[in-house]
Amino acid sequence: MTIVEFKNQISSAFHNSDDLFFREINTDYVQCVLSYLDGGSDKIVLEQDIISPLITARSAVSGDNLSDVIFYGEEIKPVPTDDCPARIAEGDVIVFFDGEGEGHLISIRKFDKRAIAEPPTSNVLKGPREGFIEEIKTNVTLIRRRLKTPSLTVKNLSVGKYSSTPVSVLYIDGIAVNHVVEEIIGRLNAIDIDGIIDSSYVASFIQGRRYCFFNQVGSSEKPDVVASKLLEGRVAIIVDGSPLVLTLPFVLFEDLQDGYDYYSNDWSSSLARFFRVMGSLLTVILPGAYVALQSHHYHLMPLKFLITLMSATNGIPFPPAIEMFFVLMLFEILNQASIRMPRLMGISLSIVGAIVLGDTAVKAGLISSPAVLVTALSAIGIFCVPDQVGALSILRFIFLCCSAVMGLFGIVILIVLLTAYLVSLSSYGAPYLAPYAPRINPDLKDGLIKSSTVNMSERPYSIPNQNRKRMSKDDD
Amino acid sequence: MRLNYNLCHKPKTTNLYSSQIGAVVFLCTLSYKLSSLPGIVSEYLSSSTLWFYLVLSVVDIVEFALLYFFFCDGSDERLRDKIPYKIGVAILFVFLSFKCIGFFALAVLFFTVELYVGISPIIIVSILIVPMLYLGLKGVNTLARTAEILAPIVLVIIVLNLVFLDCHLDFKRNLPVLALPLKDFALHSIKYGLWLGNFFPLLFVKVQKKKFPYVFTSVSITHIITIVAVMVGVAMYGDAMKILGNLLVEISGFNQLSTEIGRMEWTALFAVIVMGVIEISFLFFGLTECSVRLTRSKYPAIIVVAVVVVLLSSLLSSPQVLADLAHTAVVGGIMLGLSLALPIYFLVVKAVYRKKDKNSSLNEALTEDRL
């Protein structure tokens, strides 16, 4: 194939895209063309270490001896000309020599990336503050820095027909169970989609049950958390373009744990976990219980409380269920608006939300102050478990509807159904409500009441792993 | 993970941890024994109610022990194709069907008469049927794990309600031991056979033992709580106990914390509803397993449930008719007889076939030696 034919082939593959560049070198010793996309490669490296040696070469250069001429650290792989457009689209440079049948791949990708910073969704008082970024190689390195072992294995895949998104699967050989790793890789390979934009796309393909509104895949923006999960036998999935690293297998209790629990006193960690559970229960049950008590079982409330409540709700034009539904809906709308609103306008939203909508509506007698109080408590509680915000929010509405119709009976039936549903879930062999259902006593050390790290001599039984021994027991 | 929603499949035995069996036993023993039964029994047996409960507990423990031997010894894996075993399972299917209908009727009665006065039974039936079907069809693994989560909460509620009880108790009301002549006491006691045989669905599971004796602990705690609760109930109400619709709820009404944080009946209501749902789901699971063993399909069990729904919601003016039928002397006597006879029958069938298997393997070995 000639250079002209190669250029035509690549140009037609890219439909004469304007950001496709060709750099032809035509000296006595070198007749080649370099093809790359603008902005995808490191221009300085390209000019100094690739083009410059080729131009100044004093002997004939071809694909066979290219690596002897240019300054490039990796093995230069030959690429069939049909595959060259795909490689160029990924940001690589293809060097094609006149008369040869294949191109040569040089990967000097350089995309602009943000600096490593503390993730906004998982701040800690004490402990590492590094967070993942959108660049996959940096993310792998952040984990490797914490796990300096050759057993940490990385398998690279490419997912998405058009996006060809690089995906890395990380696990510690000898700890993670092989069949779990194989199943995850198998599921990733089976993904048939045009593009993967974020790791959540991948999560929806590898989760156990499709129409479940609970997280079935763990995610973290912190390398220390992912490293500790890898040490427990889990598998991490890093997707290029996403700062959220996925971890599997996943159990619900992971969302009630926090990295800070392990860097602080065990007693305070246990207390924090207890309050997280209480917060999530308040979030889900409180609005429903308020409506049930007010509509169906007001006789169960203490007399003084009932009198106060009656005086506060007297004159409200709506039944308790409709009122609560209205306040919750208002909160959800304000919440969505505050997330998407530009920061500078956030203050005005707070004023509008708190004063205009809340205070004025109460003063106008449209909603009662206890309903606002209950919604506020429920709204605060939801952020005790930030990874399950979506599920808790949906459940809050379901509980509200059930309690409006059937009172406490409806709530209890829903609790039983919800528990039954959750215990029936599993993630790659890990029961979703482990270590509580089934009760796995050794894992309770890292349960609601957290034991000292010194006592956790074994890896969790809830998570399938090959090697249970975490540390040698010191009997002294 | 793919889920199998097929209603037709081969019979299988599920492994349960002993802690899970303990949780199921706890919830299923207490549920109906401490809710509607004390009131019903007290009407006829008066001060002998406590002593009736002692006898009931002994019978219950004996029956559980017989079943325990059965499921600890490899469940029914080698018996499934044997005709005598299938006959036993067919009888068990009828037994569990009636128990399921009876308990369902009692649950509907509680909600329509005690909790939501005047509500149409069809609403209660259609709500109760959902968790029952879901848990029953999902299988005993889901059911046992659910029980494992909820049992400690229920235990704490019951214990706290007993500990914080603030009421005048006259324990002399439990005397005389025999308010009726012994013969009448025995004849009346026979009526309550419906409340026995809660653990038959355990015939279809295998136990994975843990170090801690969960099953023994659970059985002990359960029966101690039952006896204490009934003793307290009689001491509180005496002969007036016959008007109680639900003993646990009434006990929780006299909680010291009631004046501070509101009436504590809601805690007992939570416990009662949870236990009731788990119990009927467990019985329904037993029904489905019986029908799978007999017909390789869960449809017969579902038909029974459909009949329950129709009976309770349309054909009968009140579920009271079914509940009353459940504790007549004939029905109660049959249920009592079956709840004791069936475990012995299953153990005998197992022993006979084990002996036959041993003999045949011995004969085979001898024949091989001769050859």
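The values are calculated or read from the model by the stated rules, or taken from the named source; none is laboratory data. Predicted, not measured: the structure shown is a model, and the values here were computed from it. Cβ coordinates were reconstructed from backbone atoms using ideal geometry, including for glycine residues, and neighbour counts include every protein chain displayed.
Exactly one condition in (1) under 26 Å from A:ILE411 (Cβ atoms); (2) in contact (Cβ under 8 Å) with a residue 40 or more places away in the chain is false for A:ILE333; which is it?
Only one criterion is unmet by A:ILE333, namely (2).
Looking at (1) buried (at least 20 other Cβ atoms within 10 Å of the Cβ); (2) more than 23 Å from B:LYS33 (Cβ to Cβ); (3) more than 10 Å from every other protein chain (Cβ to nearest Cβ); (4) not acidic (Asp, Glu), can you tell me which one B:HIS168 breaks?
Only one criterion in (1) buried (at least 20 other Cβ atoms within 10 Å of the Cβ); (2) more than 23 Å from B:LYS33 (Cβ to Cβ); (3) more than 10 Å from every other protein chain (Cβ to nearest Cβ); (4) not acidic (Asp, Glu) is unmet by B:HIS168, namely (1).
Within the stretch B:173-194, track down each residue that is part of a helix (DSSP H, G or I) and either aromatic (Phe, Trp, Tyr) or touching a residue at least 24 places away in the same chain (Cβ under 8 Å) (or both). Let's see the steps before the verdict.
Of the stretch B:173-194, the ones part of a helix (DSSP H, G or I) are B:173-174, B:182-194.
Hits for the stretch B:173-194 are B:ARG173, B:ASN174, B:PHE185, B:LEU187, B:HIS188, B:SER189, B:ILE190, B:LYS191, B:TYR192, B:GLY193, B:LEU194.
Go through the stretch A:146-166 residue by residue and tally those that are within 11 Å of A:ILE193 (Cα to Cα) and surrounded by fewer than 15 Cβ atoms within 10 Å (Cβ to Cβ).
So the count comes out to 2.
What's the total number of residues in the stretch A:283-303 that are surrounded by 21 or more Cβ atoms within 10 Å (Cβ to Cβ) and under 22 Å from A:PRO386 (Cα atoms)?
5
Tell me which helices (runs of 4 or more DSSP H) are completely within the stretch B:257-318 and hold 3 or more residues being of a type outside the set (Ser, Thr, Tyr) and either modelled with pLDDT of 80 or more or surrounded by 22 or more Cβ atoms within 10 Å (Cβ to Cβ) (or both), or say none if there are none.
On the way: elements: B:258-261, B:265-295, B:299-310.
By residue number, B:265-295, B:299-310.
Step by step: first the residues of the stretch A:401-456, then only those that are facing chain B (nearest Cβ under 8 Å) and in contact with a Cys (Cβ under 8 Å, 6 or more places away or on another chain), then the one that is surrounded by the most Cβ atoms within 10 Å (Cβ to Cβ). Which residue is that?
Once the filter is applied, the top-ranked residue is A:GLY410.
Are any residues in the stretch A:454-476 in contact with a helix residue (DSSP H, G or I) (Cβ under 7 Å, 6 or more places away or on another chain) and of a type in the set (Ser, Thr, Tyr), and if so, which ones?
From the stretch A:454-476, those in contact with a helix residue (DSSP H, G or I) (Cβ under 7 Å, 6 or more places away or on another chain) are A:455-456, A:458, A:460-462, A:464; that's our starting set.
A:TYR461, A:SER462 - these are the residues of the stretch A:454-476 that are in contact with a helix residue (DSSP H, G or I) (Cβ under 7 Å, 6 or more places away or on another chain) and of a type in the set (Ser, Thr, Tyr).
Any residue at all in the stretch A:383-398 that is in contact (Cβ under 8 Å) with a residue 12 or more places away in the chain and within 14 Å of chain B (Cβ to nearest Cβ)?
Looking through the stretch A:383-398, at least one residue is in contact (Cβ under 8 Å) with a residue 12 or more places away in the chain and within 14 Å of chain B (Cβ to nearest Cβ).
Among the candidates A:LEU417, A:LEU422, which residue alone is of a type in the set (A, V, I, L, M), over 25 Å from the mean Cα position of the chain (by Cα) and closer than 18 Å to A:SER280 by Cα? Even if it seems obvious, please write down each step before you answer.
Details: A:LEU422 fails: over 25 Å from the mean Cα position of the chain (by Cα).
Sole residue among the options that is of a type in the set (A, V, I, L, M), over 25 Å from the mean Cα position of the chain (by Cα) and closer than 18 Å to A:SER280 by Cα: A:LEU417.
Run down B:ILE124, B:ILE190 and say which single residue is crowded, with 23+ Cβ neighbours inside 10 Å and modelled with pLDDT under 90.
Values: B:ILE190 fails: crowded, with 23+ Cβ neighbours inside 10 Å.
Going through B:ILE124, B:ILE190 in turn, the sole match is B:ILE124.
Go through (1) away from chain A (no Cβ under 13 Å); (2) assigned to a helix (DSSP H, G or I); (3) over 18 Å from B:ILE21 (Cα atoms) and name the single condition B:VAL215 misses.
(3)
Does any residue of the stretch A:197-210 turn out to be in a loop (DSSP other than H, G, I, E, B) and at positive phi?
Start the filter on the stretch A:197-210 by keeping residues that are in a loop (DSSP other than H, G, I, E, B), which leaves A:197-198, A:207-210.
Imposing the further condition that a residue be at positive phi reduces the set to none.
No; the residues of the stretch A:197-210 include none that is in a loop (DSSP other than H, G, I, E, B) and at positive phi.
When the stretch A:32-55 is examined, which residues are found to be modelled with pLDDT of 90 or more and either not assigned by TED's automatic domain parsing to the domain that holds A:GLU74 or not in a helix (DSSP H, G or I) (or both)?
A:CYS32, A:VAL33, A:LEU34, A:SER35, A:TYR36, A:LEU37
Please work out which residue is modelled with the lowest pLDDT, limiting yourself to the stretch B:135-144 and to residues that are touching a strand residue (DSSP E or B) at 6+ places or on another chain (Cβ under 9 Å) and within 11 Å of chain A (Cβ to nearest Cβ). Show your work before the answer.
So the first thing to find is which residues in the stretch B:135-144 are touching a strand residue (DSSP E or B) at 6+ places or on another chain (Cβ under 9 Å), and the list is B:139-141, B:144.
Applying the additional criterion that residues be within 11 Å of chain A (Cβ to nearest Cβ) yields B:139, B:141, B:144.
On the way: B:GLY139: 87, B:ASN141: 91, B:ALA144: 94.
By that ranking, first place goes to B:GLY139.
If you take the residues in the stretch B:145-165 that are more than 8 Å from every other protein chain (Cβ to nearest Cβ) and buried (at least 21 other Cβ atoms within 10 Å of the Cβ), which one is modelled with the lowest pLDDT? Break it down into steps so the answer makes sense when it comes.
First, the residues of the stretch B:145-165 that are more than 8 Å from every other protein chain (Cβ to nearest Cβ): B:147, B:151-165.
When the remaining residues are screened for being buried (at least 21 other Cβ atoms within 10 Å of the Cβ), the result is B:147, B:151, B:154, B:157-158, B:161.
Details: B:ALA147: 94, B:ALA151: 94, B:VAL154: 94, B:ILE157: 92, B:ILE158: 92, B:ASN161: 89.
My answer is B:ASN161.
Which numbered condition in (1) surrounded by 15 or more Cβ atoms within 10 Å (Cβ to Cβ); (2) more than 11 Å from every other protein chain (Cβ to nearest Cβ) is the only one that B:MET132 fails?
Only one criterion is unmet by B:MET132, namely (2).
So, A:VAL226, is that one within 14 Å of the chain's Cα centre (by Cα) and free of Cβ contacts under 8 Å to residues at least 60 places away in the same chain or not? Don't jump to the end; show me each part of the working.
Details: within 14 Å of the chain's Cα centre (by Cα): yes; free of Cβ contacts under 8 Å to residues at least 60 places away in the same chain: no.
Spelling it out, it is not the case that A:VAL226 is within 14 Å of the chain's Cα centre (by Cα) and free of Cβ contacts under 8 Å to residues at least 60 places away in the same chain.
Do you know which residues across the stretch B:53-100 are among the small types (Gly, Ala, Ser) and either in a helix (DSSP H, G or I) or closer than 28 Å to B:ILE225 by Cα (or both)?
Here is the first cut: in the stretch B:53-100, the ones among the small types (Gly, Ala, Ser) are B:57, B:65, B:74-75, B:88, B:90, B:97.
Within the stretch B:53-100, B:SER57, B:ALA65, B:GLY88, B:ALA90, B:SER97 meet the criteria.
Please tell me if B:ILE119 is within 12 Å of chain A (Cβ to nearest Cβ) and under 30 Å from A:ARG439 (Cβ atoms). First the steps, then the outcome.
Details: within 12 Å of chain A (Cβ to nearest Cβ): yes; under 30 Å from A:ARG439 (Cβ atoms): no.
So B:ILE119 fails the test.
Pick from the stretch A:110-145 the residues that are surrounded by 16 or more Cβ atoms within 10 Å (Cβ to Cβ) and in contact with a strand residue (DSSP E or B) (Cβ under 8 Å, 6 or more places away or on another chain): which of them is farthest from A:THR2 (Cα to Cα)?
Taking the candidates together, the pick is A:SER122.
Within the stretch A:4-26, how many residues turn out to be of a type in the set (Phe, Trp, Tyr) and part of a helix (DSSP H, G or I)? Explain how you work it out, then say what you get.
Initial filter on the stretch A:4-26 (of a type in the set (Phe, Trp, Tyr)): A:6, A:14, A:21-22.
Filter again for part of a helix (DSSP H, G or I), leaving A:6.
Residues that pass the stated criteria total 1.
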